[in-house]
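Peer 1: Have a look at this one before I ask anything.
Please treat every number below as a calculation from the coordinates, not as lab data. These numbers were taken from a predicted model, which means no experiment stands behind them. Positions of Cβ are backbone-derived with ideal geometry, glycine not excepted, and every protein chain shown enters the neighbour counts.
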Amino acid sequence: MENGSVVTSFILRAYTELENHRYLYFTSFLLLFFLMILTNILLIIVIYIERSLHEPMYFFVCNLAVNGLYGSLSVLPSVLVNLMSHTYEISLTSCLLQIFCIHTYGVGEFTILGIMGYDRYVAICHPLHYHQLMSLRKVCILIALSWIYPYVLFGLFFKLTVERTFCDRIMEKMYCINFELVKRSCSETSYQNKIGFVITLFGMVPQLLMILFSYAQILRICLSASKESQAKAVQTCTPHILAVINNAVGWLFEFISSRFNMSHVPYNARIFLSLYLLIFPPLCNPVIYGISIQTIRVLIFKQFITCKNKLTPL
């Protein structure tokens, strides 16, 4: 063991398993990274430009896209750099910054989805009072809450990690997460693990309860509604349900890969599991909303046609 005061960087040993196919992985992740940036920025631009999309639901969709960019930009550039490197080393400061960004991104994602669930509940169950209940002031407060809550919740817990010293430099991951870093602490960690479990509950459970409550009320209304109203409700809620499932699967993969022995699982599958959360929700969310919501889909095609006409010579 090394002296805790000496450990100021860590070796991400997971990259050693990728050396034989590093160029294939680099190209694949780079394409996914650019595609993720393109789809999210396109969605944000369309919502910003088109005044017809200046509604609460689309503001929340835009907020989800910004959070997706925040999460992916905190990790994927370093993954691409490490794939082309031969040291696979990350400084303690960079590791802590990465941890803070990843965990606040995750809590933020669930918080935004919880708020969007409430928005769908108000839109379907109280349509006549929707604009009163979801006023611009309230929307701004909810968006601010979706950013403040993760920073405050994880920030208070993160202070315990920052104050620790570490004795083990080897980390069997492609990036830093709090659970893996704390395990390399020089001192006993059971107290922090218990607090971490509580923080995890507060980062997910209230939001999931809000989503379950919202859809229970939506289901109750739909059971007594007309076929046309039921079809409209399904069309309205489907993108949100898909986004919730996609995000939940990502966190389930992260939980399994971090806390269980995965040596019996093929390494390519372990890479997929570890990076799912940071690639597929940010990549799929704008695609889901861009394709499923007709208004956004039509306006995206409209923007493409407008750009094409401008570029076409007379």
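Peer 1: Kindly provide the Kirkwood hydrodynamic radius of segment 127-244 in Å, to one decimal, from all pairs of distinct alpha carbon atoms.
Peer 2: 18.2
Peer 1: All other residues with a Cβ under 12 Å from the Cβ of LYS173 taken together, and with Lys, Arg as +1 and Asp, Glu as -1, what is their net charge?
Peer 2: Summing Lys and Arg as +1 and Asp and Glu as -1 gives 0.
Peer 1: Which is farthest toward the positive dipole end of segment 9-311 among LEU156, LEU30, PRO206, measuring Cα position about the Cα centre, with Cβ charges +1 (Lys, Arg) and -1 (Asp, Glu)?
Peer 2: PRO206
Peer 1: Tell me, what is the FRET efficiency for ILE221 and ILE148 to the nearest 0.05, using R0 = 30 angstrom and their Cβ-Cβ distance as r?
Peer 2: Computed FRET efficiency for ILE221 and ILE148: 0.45.
Peer 1: Roughly how tilted is helix 22-49, in degrees to the nearest 10 and between 0 and 90, from the longest Cα axis of the chain?
Peer 2: Helix 22-49 sits roughly 30 degrees off the main axis of the chain.
Peer 1: Here's another thing I want to ask about it. Please compute the Kirkwood hydrodynamic radius over segment 205-278, one decimal place, Å, based on all pairs of different Cα atoms.
Peer 2: 14.7
Peer 1: Continuing with this model, one more query. Working only with C-alpha atoms, what are the Rg and Dmax values of the chain, expressed in angstrom?
Peer 2: According to the Cα coordinates of the chain, Rg and Dmax are 21.6, 73 Å.
Peer 1: Separate question: Can you put ASP119, ASP168 in order of Cβ neighbours within 10 angstrom, beginning with the fewest?
Peer 2: Going from sparsest to densest Cβ surroundings: ASP168, ASP119.
Peer 1: Pick out, from GLN132, SER78, GLY250, the residue whose Cα sits farthest towards the positive end of the charge dipole of segment 9-311, with +1 on the Cβ of Lys and Arg and -1 on the Cβ of Asp and Glu.
Peer 2: Final value for the positive-end residue is GLN132.
Peer 1: To the nearest 20 debye, what charge dipole does the chain have about its Cα centre, counting +1 at the Cβ of each Lys and Arg and -1 at the Cβ of each Asp and Glu?
Peer 2: Dipole about the Cα centre, nearest 20: 720 debye.
Peer 1: Does anyone have the angle between helix 294-311 and the longest principal axis of the chain? Alpha-carbon axes, 0 to 90°, nearest 10?
Peer 2: 80
Peer 1: Please report HIS54, HIS103 as a ranked list, fewest other C-beta atoms within 10 angstrom at the top and most at the bottom.
Peer 2: So the ranking, lowest neighbour count to highest, is HIS54, HIS103.
Peer 1: Work out, step by step, the length gained on full extension between SER28 and THR238: first 0.36 nm times the residue separation, then minus their alpha carbon distance; give nm to one decimal.
Peer 2: 72.7 nm
Peer 1: Continuing with the same structure: Taking +1 at the Cβ of each Lys and Arg and -1 at the Cβ of each Asp and Glu, which of TRP147, THR93, THR238 sits farthest along the dipole of the chain towards its positive end, judged by Cα position relative to the Cα centre?
Peer 2: THR238
Peer 1: Name the long-range amide H neighbours of SER9: under 5 Å, sequence gap of 5 or more, or other chain; modelled H, no Pro or chain starts.
Peer 2: Amide H neighbours of SER9: LEU92.
Peer 1: When the Karplus curve 6.51 cos²θ - 1.76 cosθ + 1.60 is applied with θ = phi - 60°, which whole-Hz ³J(HN,Hα) does each residue of segment 210-222 get, with x for Gly and Pro?
Peer 2: Going residue by residue, I get 4, 5, 5, 4, 4, 6, 5, 5, 4, 4, 4, 5, 5 Hz, with x marking Gly and Pro.
Peer 1: For segment 1-132, what is the charge dipole size about the Cα centre, in debye to the nearest 20, if Lys and Arg each add +1 at the Cβ and Asp and Glu each add -1 at the Cβ?
Peer 2: Its charge dipole is roughly 160 debye.
Peer 1: Next question, about the same structure. What number, in percent, do you get for the relative contact order of the chain if the mean sequence gap of Cα pairs under 8 Å and at least 6 apart is divided by its residue count?
Peer 2: Relative contact order here is 28 percent.
Peer 1: List nothing, just return the count: lysine pairs in the chain, 8 or more apart or interchain, with Cα separation under 18 Å.
Peer 2: Taking the chain as the scope, the lysine pair count is 5.
Peer 1: Dividing the convex hull volume of the Cα atoms of segment 48-163 by its residue count, what figure in Å³ per residue is obtained?
Peer 2: Per-residue hull volume (Cα only) is 115 Å³.
Peer 1: Further question: What nm distance separates the two modelled labels at ASP168 and LEU80, each placed 7 Å from Cα along Cα→Cβ?
Peer 2: 3.2
Peer 1: Taking the Cα atoms only, what angle lies between the long axis of helix 136-162 and the longest principal axis of the chain, rounded to 10 degrees?
Peer 2: Helix 136-162 sits at roughly 10 degrees to that axis.
Peer 1: By counting other Cβ atoms within 10 Å of each Cβ, how are PHE110, PHE29 ranked from fewest to most?
Peer 2: The most exposed by this proxy come first: PHE29, PHE110.
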